[in-house]
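Chemist: The structure's right below; bear with me while I get my questions together.
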Amino acid sequence: MLSLIQVLTSGIAIGCVYGLVALSFVLIYKATETVSFMQGELLMVGAFAAVALNTGAGWPLWIAAPVAVAGLALLGAVLERFALRRAIGQPHLVAVLLTFGLGMMLRGGVTSVPAASHDIYRLPFADSVLQIGALALSLSHVLVIVATVVLAGVLAVFFRYTRAGLALRACSENARVAALMGVPVASMHTLAWALGAALAAVAGLLLAPITFIHLNMGLIALKAFPAAVLGGLTSLPGALVGGVFLGVAESLAGLVLPEGVKDVVPYVLLMLALLLFPDGMAAGWRRRR
Amino acid sequence: MLRPLLLIAAILVLGLSVLGADYAAGQATLVATYAIAGLGLVIIVGQAGQITLGQGALVALGAYAETLLAMRGVPPVLSVPAAVALGAAGGALASLPARRLGGLYFAMSTLAFALIVEEMLVRWTSLTRGGAGLSVPTLSWGGMRVDTPLEQMLVSLAALMLAWLACRRLLAGRSGRAWRAVREDEVAAAEACGVDVAATKLRAFVLGGALAGLAGALYAHWIGFISPEQFGLMFSFELLMLVFIGGARHLSGALWGALVIVSLPQLIALLRDVLPGEWSRSAGLETVLFGAVIVAMVLLRPQGLASASGGAQASVRKGTED
């Protein structure tokens, strides 16, 4: 029982990271109709930026982490202004290749820093163990879950009560009508990319205590695609729930199924979900009720 | 048909005289092999209008089928068709969700398919030896062995020619019209013209998969060693880039794209020698430049190279041309 709770906690924690990356993907996709294949790279760059500020420049983590996230938001906004804007209204293939190319440039840029390509880094937080009676939970997992819940709350408030959040939602629902209502659609696209990049960076920071920081940590973004699709591809809460669902399913599969099957579980679930519920799991449930 | 072939011949002669026969023949072999896989993508992406992120996995199926059969002494007359058939079967399997999906959802399902195949190749160690890879025997039948670069080039060009003719024939006929109808408007194609959308997409993927299988079988022999990571997501994107750069709407796009994709690493290697400083020797530079070329291509020529040659002419003919 205790070990089951521990496995579930770690599954939920990694699922939160999947969910956050999926959330950033869905946010960008909804607002700009652009498919981003660079969320993994943004995540990795965000984590490395925090490491560089923390161990390189010697800043304390509580300053380095927010600055890294803000820096990534800026990077997202700049990329949108100069390149990604051009993909709007074009076929999906254009955005797929454009973001993939930009992702390669980011990864190549980090690779050419010798210190980044040789070592695995860790951020100095949350490496102790939380002891509740007989139950031993890794503090990092608990922290990831708590941080995700807080972040989800902040985002919910942002999207429901602030002017920018409402404008962004209006823009995602119907850009033309939003423009007629006086929403500056182009700025909203920039905002969506800035938020998407920042969310990916947060996911990178939260992933840091679980898998450490290295060049290929962005591969986790591949698991965010199944999470986004399971959530319906257009629902922000759905993406988060899809991510947590995948994380739990994966960790349970690791417990029950033979070695190696675990890594395929998200993709098999994705194909099954697409075959059975082509409009996303949430829509499938809704229709059934 | 004639013009690209003449151009290829000219490039071949030029390459032979400048680079030396063996090197040029080796590069031409690679270009032809990539172009065969590219033809498959022209059908799927350019004609049927579906995004697939899993073409690399289909090439992998062909490569592994050919290698495993050739290792057991099966002659190429049997093993190559088997590789083609496995590629086609993989394409059919990958396209199953396309019955009810289009666009991005479907692209995601091909991504999942590709990742499942890659994981399978890594894990099924008793058959594929996993990440350690397999070394591929020389392509040989009876007393004939294809082991010099010139012979390899001739075999690849012959295969490319056959594939090209087959594709051209299909595109001119009923299937080609059905693919283009589905690309332009699925609902109208189905309801107004009586096109069976699911079957049409399936046909595109079977043909694309078969071409990928053929390319994979040849590629395995030419490279001489295969391992799962050669056929990862990066490879699928490389192929996607190939048709995008060449122009997905035309069969010749596969050839131009293959030429660019094969020569790009060589050009980058040349550039690396010219650039001064320590930075130019870092491992990341190649990735940065490769990414920069994609970004530049996408931003400057969203329609690809093949359409650029026509210019104004192409835009006039846009309605009829394909």
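The values are calculated or read from the model by the stated rules, or taken from the named source; none is laboratory data. Quantities reported herein were computed from a predicted structural model and do not represent experimental measurements. Methodologically, a virtual Cβ is constructed for each residue, glycine included, from the backbone with ideal geometry; neighbour enumeration extends over all protein chains shown. Ligands, DNA and RNA are stripped out before the accessible areas are found, and what is left, the full protein with its side chains, is counted by its heavy atoms. Shrake-Rupley method; radii C 1.70, N 1.55, O 1.52, S 1.80 Å.
Chemist: Out of the residues in region A:87-102 meeting the condition of being facing chain B (nearest Cβ under 7 Å) and under 21 Å from the mean Cα position of the chain (by Cα), tell me which one is modelled with the highest pLDDT. Before you say what the answer is, go through the steps one by one.
Modeler: Filtering region A:87-102 down to residues facing chain B (nearest Cβ under 7 Å) leaves A:90, A:92-94, A:96-98, A:100-102.
From what is left, the residues that are under 21 Å from the mean Cα position of the chain (by Cα) are A:92, A:96-98, A:100-102.
Working: A:His92: 80, A:Val96: 86, A:Leu97: 86, A:Leu98: 89, A:Phe100: 89, A:Gly101: 89, A:Leu102: 92.
Restricting to residues being facing chain B (nearest Cβ under 7 Å) and under 21 Å from the mean Cα position of the chain (by Cα), the top hit is A:Leu102.
Chemist: Note down all Cβ pairs under 9 Å where the first residue falls in region A:140-158 and is without any contact (Cβ under 8 Å) to a residue 60 or more places away in the chain, the second is surrounded by 12 or more Cβ atoms within 10 Å (Cβ to Cβ) and outside any helix (DSSP H, G or I), and they're at least six residues apart or on different chains.
Modeler: Sorted first by the residue in region A:140-158, then by its partner, the list stays empty.
Chemist: Go through A:Thr99, A:Thr55 for me and flag whichever is surrounded by fewer than 24 Cβ atoms within 10 Å (Cβ to Cβ) and either among the β-branched types (Val, Ile, Thr) or in contact with a Gly (Cβ under 9 Å, 6 or more places away or on another chain) (or both).
Modeler: A:Thr55
Chemist: Further question: Looking only at region B:53-101, count how many residues are small (Gly, Ala, Ser), touching a helix residue (DSSP H, G or I) at 6+ places or on another chain (Cβ under 6 Å) and closer than 28 Å to B:Glu186 by Cα.
Modeler: 11
Chemist: Which of the residues belonging to region A:165-198 are open to solvent by 30 Å² or more (accessible area, probe 1.4 Å) and either touching a Gly at 6+ places or on another chain (Cβ under 9 Å) or not in a helix (DSSP H, G or I) (or both)?
Modeler: Once the filter is applied, which keeps residues that are open to solvent by 30 Å² or more (accessible area, probe 1.4 Å) and either touching a Gly at 6+ places or on another chain (Cβ under 9 Å) or not in a helix (DSSP H, G or I) (or both), region A:165-198 yields A:Asn174, A:Met181, A:Gly182, A:Pro184, A:Leu195.
Chemist: Right, another one. Quick check, is A:Val144 at pLDDT 85 or above and either in contact with a Gly (Cβ under 9 Å, 6 or more places away or on another chain) or more than 27 Å from A:Val45 (Cα to Cα) (or both)?
Modeler: Taking the combined requirement at face value, the residue does not satisfy it.
To keep it simple, each residue is scored yes or no on (1) in a loop (DSSP other than H, G, I, E, B); (2) at the interface with chain B (Cβ under 10 Å from one of its Cβ atoms); (3) touching a strand residue (DSSP E or B) at 6+ places or on another chain (Cβ under 8 Å).
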residue: A:Thr234; (1), (2), (3): yes, no, no
residue: A:Gly238; (1), (2), (3): no, no, no
residue: A:Gly242; (1), (2), (3): no, no, no
residue: A:Phe245; (1), (2), (3): no, no, no
residue: A:Glu250; (1), (2), (3): no, no, no
residue: A:Ala253; (1), (2), (3): no, no, no
residue: A:Tyr267; (1), (2), (3): no, yes, no
residue: A:Leu270; (1), (2), (3): no, yes, no
residue: A:Ala273; (1), (2), (3): no, yes, no
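Chemist: With respect to A:Tyr29, determine if the residue is in a helix (DSSP H, G or I) and surrounded by fewer than 24 Cβ atoms within 10 Å (Cβ to Cβ).
Modeler: yes
Chemist: Would it be correct to say that A:Met38 is touching a helix residue (DSSP H, G or I) at 6+ places or on another chain (Cβ under 6 Å), within 11 Å of another protein chain (Cβ to nearest Cβ), open to solvent by 10 Å² or more (accessible area, probe 1.4 Å) and closer than 19 Å to B:Leu240 by Cβ? First the steps, then the outcome.
Modeler: Details: touching a helix residue (DSSP H, G or I) at 6+ places or on another chain (Cβ under 6 Å): yes; within 11 Å of another protein chain (Cβ to nearest Cβ): yes; open to solvent by 10 Å² or more (accessible area, probe 1.4 Å): no; closer than 19 Å to B:Leu240 by Cβ: yes.
Taking the combined requirement at face value, the residue does not satisfy it.
Chemist: Hey, can you tell me all the residues within region A:77-96 that are outside any loop (DSSP other than H, G, I, E, B), surrounded by fewer than 17 Cβ atoms within 10 Å (Cβ to Cβ) and in contact (Cβ under 8 Å) with a residue 24 or more places away in the chain?
Modeler: A:Arg81, A:Arg85, A:His92
Chemist: Let me ask something else. Looking for something within 20 Å of B:Gly62 (Cβ to Cβ), facing another protein chain (nearest Cβ under 7 Å) and of a type outside the set (Lys, Arg) - is there at least one such residue anywhere in region B:93-106?
Modeler: yes
Chemist: Kindly provide the set of residues from region B:128-153 that are open to solvent by 40 Å² or more (accessible area, probe 1.4 Å), on the phi < 0 side of the Ramachandran plot and either outside any helix (DSSP H, G or I) or within 14 Å of another protein chain (Cβ to nearest Cβ) (or both), ordered by number.
Modeler: Scanning region B:128-153 gives B:Gly131, B:Ser135, B:Pro137, B:Thr138, B:Ser140, B:Trp141, B:Gly143, B:Met144, B:Arg145, B:Asp147, B:Thr148.
Chemist: State which residue is most open to solvent (accessible area, probe 1.4 Å) when the search covers only region B:7-64 and only residues that are within 14 Å of chain A (Cβ to nearest Cβ) and among the small types (Gly, Ala, Ser).
Modeler: This residue is B:Gly49.
Chemist: Looking at the structure I just gave you, is B:Leu255 under 17 Å from the mean Cα position of the chain (by Cα), at pLDDT below 80 and of a type in the set (A, V, I, L, M, F, W, C)?
Modeler: no
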